[in-house]
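The values are calculated or read from the model by the stated rules, or taken from the named source; none is laboratory data. What you see is a predicted model; the values in this text were computed from it and never measured. Cβ coordinates were reconstructed from backbone atoms using ideal geometry, including for glycine residues, and neighbour counts include every protein chain displayed.
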Amino acid sequence: MSDGRQLYQEVIMDHNKKPRNYGVLADANRRAEGHNPLCGDHISLSLRLDDDLIREIAFQGETCAICKASASMMTANVKGKTVADAETLIQEFRDMATGKLDTLTQPHHLGRLNVFAGVRELPTRVKCAVLPWHTLHAAFHETASATTESGDF
Amino acid sequence: MTSALLPKQTAAALDVDNIRADFPILQRRVHDLPLVYLDNAASSQMPQAVIERWVHYQQNEHANVHRAVHALSEIATREYEGARDKVARFIHARESREIIFTRGTTDGINLVMHGFGRAFIQQGDEIILSAIEHHSNIVPWQMLCEEKGARLRIIPMNDAGELLLDEYEKLFNTHTKFVALAHVSNALGTVNPVREMIRTAHQHGSPVLIDGAQAAPHMAVDVQELDCDFYAFSGHKMCGPTGIGVLYGKAEWLEKMQPYQGGGDMILSVTFEKTTYNAIPYKFEAGTPPIAAAITLGAAIDYLSNIGMERIAQHEKTLLNYATTQLRQVKGVRLIGTAQEKAAVLSFTLDGIHPHDVGTLLDLEGIAIRAGHHCAQPVMQRFGVPATARASFAFYNTYTEVDALIVGIHKVQKVFA
């Protein structure tokens with residue numbers, strides 16, 4: 001089975017049907033919107049930060065299965081972590097998805113998020129996987145929105 | 001998917017197997033599976049004879065056109081102008097000088113926006129577009145409206161994706177100055193009754209531009225019979241190369257219009273005080289044109305003409321009917337665009353599955369379709385979907401490929417089941 005198909009079968013069966021942390025936090029103190037203008041996909045993140053700690057996080061949006069699963073796994077992973085640790089994951093996830101980080105041979109903290117390495121086989125879909133992470137980065141930096149088309153993506 | 005559903009072969013039917021042998025790319029495999037190419041509305045493939053025409057030009061004929069007195073320049077000019085003559089015959093223009101080579105449909109529409117719109121549209125004027133337009137036939141007019149203080153009026157459509165002609169008539173008033181319409185919708189496949197719509201516009205004194213990008217590759221086009229004022233289309237959607245397109249314009253309009261771009265070839269004389277523009281069509285072809293692409297488009301037109309546009313249209317129609325019947329039998333499919341008059345475009349959604357996931361999973365089966373908003377976001381909004389999956393057919397597609405698409409869709413649904 002190809003990595004691309006495997007990615008679908010592993011993440012969709014679980015996270016697409018039962019996304020974790022789906023919804024909007026009423027008491028959020030950070031929010032950000034993510035857009036992929038190429039496909040019209042849209043995701044919104046709401047977070048409650050206690051100092052440096054991600055106490056709560058939720059996402060909502062109209063997206064493809066890859067983006068939804070990525071957002072679901074991201075929220076599950078960063079909840080309870082510090083902003084600094086989450087930033088490390090953001091960087092590593094982006095590097096993995098774009099092929100700069102080989103999770104088989106190089107050290108990383110991605111754990112099960114490693115399944116998204118398969119998205120490299122689907123170059124046109126890398127942006128779908130990375131959009132939630134980009135949006136999380138925007139939320140930390142209190143920029144209201146992120147887009148897949150910005151230069152630093 | 002039984003052969004009983006296949007239409008009876010007639011004497012005039014296409015020998016698709018033979019035709020497919022003309023296309024090297026159709027022989028290749030994708031993800032180690034036979035390529036099923038169903039993204040023809042985005043771009044079509046090129047047969048060997050057309051590829052060879054490009055190679056022959058570069059190997060034997062290349063020089064700049066309309067300039068030097070040497071032999072190669074003369075040959076290149078003759079072939080380039082010969083391609084213009086072929087285009088003129090292909091769409092039944094009165095004369096070759098009504099044919100302007102452009103970069104593509106978008107470029108042609110922008111040329112009319114600049115050359116006609118900026119010269120003749122004024123504050124308070126109105127431009128009529130339809131609800132099914134591609135962004136390329138919306139955005140240039142929006143830019144013009146912003147610049148001039150003019151406004152857009154939009155012809156609405158029904159749930160099948162057909163324009164409401166009664167509403168269209170009601171949009172005309174003394175402010176109406178221009179109408180821009182797709183001949184065939186790229187997102188829905190709707191074939192608009194442009195001949196009648198052009199007549200209506202002319203009764204109200206408005207010239208009409210037709211975006212023919214999705215029509216010229218699939219049906220016989222006669223610009224004199226349509227009586228359109230402008231007709232734009234692209235080479236790469238009709239077995240030609242990218243980077244070349246055609247704008248037809250009635251000579252009387254082209255004469256009155258201002259140039260689009262300034263530069264070489266579009267002038268008669270230049271001083272720092274004043275430039276005298278060249279005659280049409282050269283007035284609109286500033287700089288060195290895409291010579292090789294234009295000549296190769298000429299070869300593509302020869303190829304299509306040898307098959308015959310009527311036969312192409314007939315084959316695609318039977319293919320569309322077969323594919324529509326098959327797709328309707330798949331549970332959870334919603335067809336977007338069910339007009340009576342349709343080109344071979346099937347836009348659809350699958351319940352609970354994002355079109356991009358459909359596109360990716362079909363791609364893993366070797367099946368190339370388009371997923372997205374098809375540069376027609378107002379159409380998507382009208383149908384309440386962010387995007388659709390779209391299979392679009394050409395004359396080289398087969399019933400077997402339709403069957404592969406249906407099997408592929410079942411597999412996609414299984415992943416999400």
Can you find a residue in the stretch A:54-63 that is in a strand (DSSP E or B), at pLDDT below 95 and facing chain B (nearest Cβ under 10 Å)? yes
Given the conditions (1) out of contact with any Gly (no Cβ under 8 Å at 6 or more places or on another chain); (2) closer than 27 Å to B:E365 by Cβ, report the number of the one that B:P34 does not fulfil. (1)
Need at least 1 residues that are surrounded by fewer than 18 Cβ atoms within 10 Å (Cβ to Cβ) per element, so show me which strands (runs of 3 or more DSSP E) inside the stretch B:167-255 make the cut, counting only ones lying wholly within it. B:176-182
Residues in the stretch B:386-417 that are touching a residue at least 40 places away in the same chain (Cβ under 8 Å), over 29 Å from B:F23 (Cα atoms) and out of contact with any strand residue (DSSP E or B) (no Cβ under 6 Å at 6 or more places or on another chain) total 2
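Condition first: within 14 Å of another protein chain (Cβ to nearest Cβ), part of a loop (DSSP other than H, G, I, E, B) and crowded, with 18+ Cβ neighbours inside 10 Å. Now tell me which residues in the stretch B:326-351 satisfy that.
none
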Restricting to the stretch B:366-410, name every residue that is surrounded by fewer than 20 Cβ atoms within 10 Å (Cβ to Cβ), assigned to a loop (DSSP other than H, G, I, E, B) and within 14 Å of chain A (Cβ to nearest Cβ). B:G366, B:C375, B:G384, B:V385
Kindly check whether there is at least one residue in the stretch B:352-362 that is in contact with a Phe, Trp or Tyr (Cβ under 6 Å, 6 or more places away or on another chain), at pLDDT below 95, within 14 Å of chain A (Cβ to nearest Cβ) and farther than 21 Å from B:A394 by Cα. yes
Would you mention how many residues in the stretch B:363-396 are in contact with a Phe, Trp or Tyr (Cβ under 7 Å, 6 or more places away or on another chain), of a type in the set (S, T, Y) and within 29 Å of B:V139 (Cα to Cα)? 1
If I go through the stretch B:334-358 residue by residue, how many of them are β-branched (V, I, T) and closer than 25 Å to B:N192 by Cα? 4
The correct count of residues that are assigned to a loop (DSSP other than H, G, I, E, B) and within 14 Å of chain B (Cβ to nearest Cβ) in the stretch A:20-53 is 4
Output for the stretch B:347-365, where each listed residue is closer than 21 Å to B:D32 by Cβ and either of a type in the set (A, V, I, L, M, F, W, C) or touching an Asp or Glu at 6+ places or on another chain (Cβ under 8 Å) (or both): B:V358, B:L361, B:L362, B:L364
Selection from the stretch A:105-129 of residues that are within 14 Å of chain B (Cβ to nearest Cβ) and out of contact with any helix residue (DSSP H, G or I) (no Cβ under 9 Å at 6 or more places or on another chain): A:P123
Determine which single condition B:Y303 fails, assuming it passes every other condition in (1) in contact with a strand residue (DSSP E or B) (Cβ under 9 Å, 6 or more places away or on another chain); (2) over 23 Å from B:P34 (Cα atoms); (3) of a type outside the set (A, V, I, L, M, F, W, C). (1)
Of the criteria (1) more than 14 Å from chain B (Cβ to nearest Cβ); (2) under 17 Å from the mean Cα position of the chain (by Cα), which one A:N16 fails: (1)
